[in-house]
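The values are calculated or read from the model by the stated rules, or taken from the named source; none is laboratory data. No experiment lies behind these values; they were computed from the predicted model shown. When we count neighbours, we look across all protein chains shown, and the Cβ atoms used for this are built from the backbone with ideal geometry, even at glycine. In case anyone asks, the SASA skips ligands and DNA or RNA and just uses the protein heavy atoms, side chains included. Shrake-Rupley method; radii C 1.70, N 1.55, O 1.52, S 1.80 Å.
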Amino acid sequence: MSSGSDAFRAPKGTNDLLPPESWRWQGAVRLAMDLFARAGYEPVETPIFEHTEVFERGVGAATEVVGKQMYTFKDKGERSYTLRPEGTAPVVRAVLEHGLASGALPVKLAYAGPMFRQERPQKGRHRQFFQLGIEALGSDEPTIDAEVIEVGNRFLKTVGVEPQLKLNSIGHPDPSCRGAYMETLVTFLRDQEADLAEADRSRVDTNPLRTFDSKEEDTIKVMEDAPKITEHLCDPCREHFAAVSGNLDALGLKYEMAPSLVRGLDYYTRTAFEFTSAGLGSQDAVGGGGRYDGLSEALGGPPLPSIGFALGLDRILLASQADLPRPGIDVYVVALGDRARAEALVQATTLRAQGFGAELDHAGRSMKGQMKDADRSGARFAAIFGDREIEMGEVTLKDLQSGEQATIRSTDLAQALEKP
Ligand code: HAM
């Protein structure tokens, strides 16, 4: 915190999450983890920081994420750590470390958590952002590709985003497949180098595939005529891709073939996909994923063909206006008089223990003030206790929607709330 005006503000590119938005956030996370679990994806949590090499070797040193965007620091023991910029490499690291892949395959895992990239902040692009992801490790069956894509698509629809699905295959890195294609692409790019945008020329040597992702007008124009990976896939990769798209057709899932879709992380092989949402402006990718058949080996493990996705929750909630489930307050316990205040606390606590959402006044409000606060709380009912009611073992239950009220035995309160 350097100057007065910066004092006590959240760091640039980060956000505080406050009610009511925090409710939508939590609702979406709960919905996602439930939906993922129903397809067999079990929750996993990995540390927020990892040894830097996990990302250097996993995601690739030539990527923008590793080269420019990582929050890397040395601890007091001079070890280099990095705040995770993504969740896939850490999940693979954890699966290898704990031998999860020595049992039944595929290992199917789901996660939800913050990721960190030092990017230029703008709408939908933050330095701390939140991903929901699934990873299926240890299967190259084209059915799992379709399963993963369908689960992502369905979640997005469930939370009110109408995603467009872009699909591609980027083959595998051997000379028989993407290796040969890369030579063709580099030759093409060298021939066209003068027409490429200045900012993209260095990519020809460092990461030629990424020229497809350029936002520069000149480069976009050149890339329209560039050779596409899909025309250069080896037979097994082409057949795999045909099977994946066939499976998606069988599920009735609409997708657009996107031969220029290359993704920003180096571990991808074969299937690559992205979900976009109209109306988000330039940061319109609400999620993306693909196969990473070589990542396990890059991290020192055995061959483990795998696929997954991550969805960006910040962008999803920008794109969606849908109401998301949130636990509500069922009843507001109103107290009339000092004795009733103590009783209201006991009653609200008992109701909570019985599974109801219950609130009460802690600000010494009048009856009128408490009824107003009951409306604010969203409670359907007010349970009103006065000294007389307590004496008689009764409570007045008011339906705040219809305005009807009735006096009942206080021992019947839970039952009355159950069956309004
Ligand atoms: P990614 O495409 O880098 O893939 O990120 C996935 C999603 O995270 C993006 O589509 C976007 O919605 C969100 N996202 C990324 N960066 C930001 C940011 N700075 N601010 C807000 N949202 C952002 C991955 O991270 C891979 N690990 C996905 C994956 C899983 N592939 C296989 N398994």
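Observations
- Scanning segment 41-81 for residues that are free of Cβ contacts under 8 Å to residues at least 60 places away in the same chain and of a type in the set (Lys, Arg) yields Lys68, Lys74, Lys76, Arg79.
- Residue that is within 8 Å of the ligand (Cβ to nearest atom) and crowded, with 24+ Cβ neighbours inside 10 Å, where the choices are Gly124, Gly133: Gly133
- Scanning segment 364-381 for residues that are outside any helix (DSSP H, G or I) and either over 18 Å from Ala342 (Cβ atoms) or among the basic types (Lys, Arg) (or both) yields Arg365, Gly378, Ala379, Arg380, Phe381.
- Residue in segment 405-415 that is under 26 Å from Pro19 (Cβ atoms) and in contact with a strand residue (DSSP E or B) (Cβ under 9 Å, 6 or more places away or on another chain) present: no
- Single condition Asn207 does not satisfy, out of (1) surrounded by 13 or more Cβ atoms within 10 Å (Cβ to Cβ); (2) in contact with a helix residue (DSSP H, G or I) (Cβ under 7 Å, 6 or more places away or on another chain): (2)
- Residue in segment 280-302 that is farther than 22 Å from Glu56 by Cα, more than 15 Å from the ligand (Cβ to nearest atom) and acidic (Asp, Glu) present: no
- Note on segment 241-270: residues that are within 22 Å of the chain's Cα centre (by Cα) and either on the phi > 0 side of the Ramachandran plot or near the ligand (Cβ under 10 Å from one of its atoms) (or both) amount to 5.
- The residue pairs whose first member lies in segment 388-412 and is within 16 Å of Leu336 (Cα to Cα) and touching a residue at least 60 places away in the same chain (Cβ under 8 Å), whose second member is surrounded by 18 or more Cβ atoms within 10 Å (Cβ to Cβ) and of a type in the set (Val, Ile, Thr), and whose beta carbons are closer than 7 Å, counting only pairs six or more residues apart or on different chains, are Ser410/Val395.
- Extreme residue, surrounded by the most Cβ atoms within 10 Å (Cβ to Cβ), among residues of segment 137-154 that are over 16 Å from the mean Cα position of the chain (by Cα) and within 13 Å of the ligand (Cβ to nearest atom): Asp145
- Subset of segment 161-183 (residues that are touching a helix residue (DSSP H, G or I) at 6+ places or on another chain (Cβ under 9 Å) and open to solvent by less than 40 Å² (accessible area, probe 1.4 Å)): Val161, Pro163, Leu165, Leu167, Asn168, Ser169, Ile170, Gly171, Cys177, Arg178, Tyr181
- Flag for Ala342 being assigned to a helix (DSSP H, G or I) and farther than 30 Å from Leu156 by Cβ: yes
- Segment 303-332, subset closer than 30 Å to Arg380 by Cβ and within 14 Å of the ligand (Cβ to nearest atom), residue farthest from the chain's Cα centre (by Cα): Ser320
- Lone qualifier among Ala101, Ala146 - being assigned to a helix (DSSP H, G or I), among the small types (Gly, Ala, Ser) and either modelled with pLDDT under 95 or closer than 17 Å to Glu274 by Cβ (or both): Ala146
- Failed item, numbered, when Lys123 is tested on (1) free of Cβ contacts under 8 Å to residues at least 24 places away in the same chain; (2) farther than 26 Å from Leu253 by Cα: (1)
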